[in-house]
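The values are calculated or read from the model by the stated rules, or taken from the named source; none is laboratory data. All values reported here derive from a predicted model rather than from experimental measurement. Cβ atoms come from the backbone with ideal geometry, glycine included; neighbour counts cover every protein chain shown.
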Amino acid sequence: MPSSRIRTILIDDSAFMRKVISDIINRDETIELVGVARNGQQGSEMALQLKPDVVITDMVMPDFDGLYVVNSVMDKLPTPIILLSSLEKTDSRIFDALQHGAFDFIDKPVDLDSVHVRDYRLLELIKEAARTDISLLKAKQLAYKNVHSHSFESPLNYEIVVIGSSTGGPSAVELIINNLPNNLKIPVVIVQHMPVRFLESFAQRLNEQSPLPVHIPRKGELVKGGNIYVAPGDTNLRIEHNVLTGAPMFTYTDRKYPEFNFPSVDCLFESVAETYGGNCIAAILTGMGKDGAMGMAKIKERGGFTIAQDEESSVVYGMPKVAWESGAVRQVVKLRQIPGFIVSCL
């Protein structure tokens, strides 16, 4: 992390939003806004000239958009890039930008009341981005994809895999899902911290990339092997036994958890511990905060196998670190080794 103030530039085609974001950044004495640009081309040139610690850019701009900024900056002067997304728009190219090296994305502020703006997490994101090893962001561009089947023994040692992730997670999840065998027999359920309107696009993207079907489960839907499920973002997802058949099924709950909600990793992991006991594998990936540690501890207590992404490969070593330090993790694994490690456990 820089020893002095974090030097940032802001790129947005809206004069109003440039003013709003600038005001938010200028409230933090540890962050310095050194440049403001009106489009991606101007902003990319400014980044090369000023060499900021973090670039903040609007994703959707008329001519040179956020994806242009990511490709240009990461190619010529790799720098952590935070994408700004408009609430009224869902641009699936955000996932391309993340895959090409962007750090993370955040919605533009909608409530400009000063009390609520103070809670806007852009400042926290800037500080995390400035700490990130840029080589990890560059490495996201080199994702490998498995096309092979696997010879599974029967019966398998575990019945389900659950994954929780946050900042830096979309690319990490893609890497894992794309490297699981195409004949995987058990279900995989993913909780990714992300604005609700993007989760459907994320599930569709994974479905297009993976040989296994990927979708957001409906309330009451049975959990089936060989499927990958992505938790919705407007509720917390649980897995419970059907009261009539005993079969595992998805349920929704509005119950709130201390660390994060909608979707909560703790909520899913807690329910999986209750429903599957020790017959599950849980993995906690890169991300800010503490979500997942409590639920992972319950899975470990029931005899499940718990995995945390290692610090070296984590874009943000927050959630895995807390889970490890709390004693909830059985094995620490590098990101690229997680798919093979999961398969070896089965």
F262 being surrounded by 16 or more Cβ atoms within 10 Å (Cβ to Cβ), under 23 Å from R302 (Cα atoms) and of a type outside the set (D, E) = no
ask   = Name the pairs: first residue in the range 251-272 and assigned to a loop (DSSP other than H, G, I, E, B), second residue crowded, with 24+ Cβ neighbours inside 10 Å and small (G, A, S), Cβ to Cβ under 7 Å, at least 6 apart or on different chains?
value = Y257/S264; P263/A231
ask   = Do you know which residues across the range 285-301 are at positive phi and of a type in the set (D, E, K, R)?
value = none
task = From E208, E274, grab the single residue that is modelled with pLDDT of 95 or more and either on the phi < 0 side of the Ramachandran plot or buried (at least 23 other Cβ atoms within 10 Å of the Cβ) (or both).
result = E274
task = Go through the range 97-106 and give me each residue that's in contact with a Pro (Cβ under 6 Å, 6 or more places away or on another chain) and either of a type outside the set (A, V, I, L, M) or at pLDDT below 85 (or both).
result = F103
inquiry  = Quick check on the range 35-53. Is at least one of its residues under 26 Å from M194 (Cβ atoms), free of Cβ contacts under 8 Å to residues at least 40 places away in the same chain and outside any helix (DSSP H, G or I)?
reply    = no
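Conditions (1) in contact with a Ser or Thr (Cβ under 8 Å, 6 or more places away or on another chain); (2) within 25 Å of K321 (Cβ to Cβ); (3) assigned to a loop (DSSP other than H, G, I, E, B); (4) assigned by TED's automatic domain parsing to the domain that holds A273, marked per residue:
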| position | (1), (2), (3), (4) |
| --- | --- |
| F152 | no, no, yes, no |
| A172 | yes, yes, no, yes |
| M194 | no, yes, yes, yes |
| R197 | yes, no, no, yes |
| F202 | no, yes, no, yes |
| L206 | no, no, no, yes |
| K219 | yes, no, yes, yes |
| K224 | no, no, yes, yes |
| P232 | no, no, yes, yes |
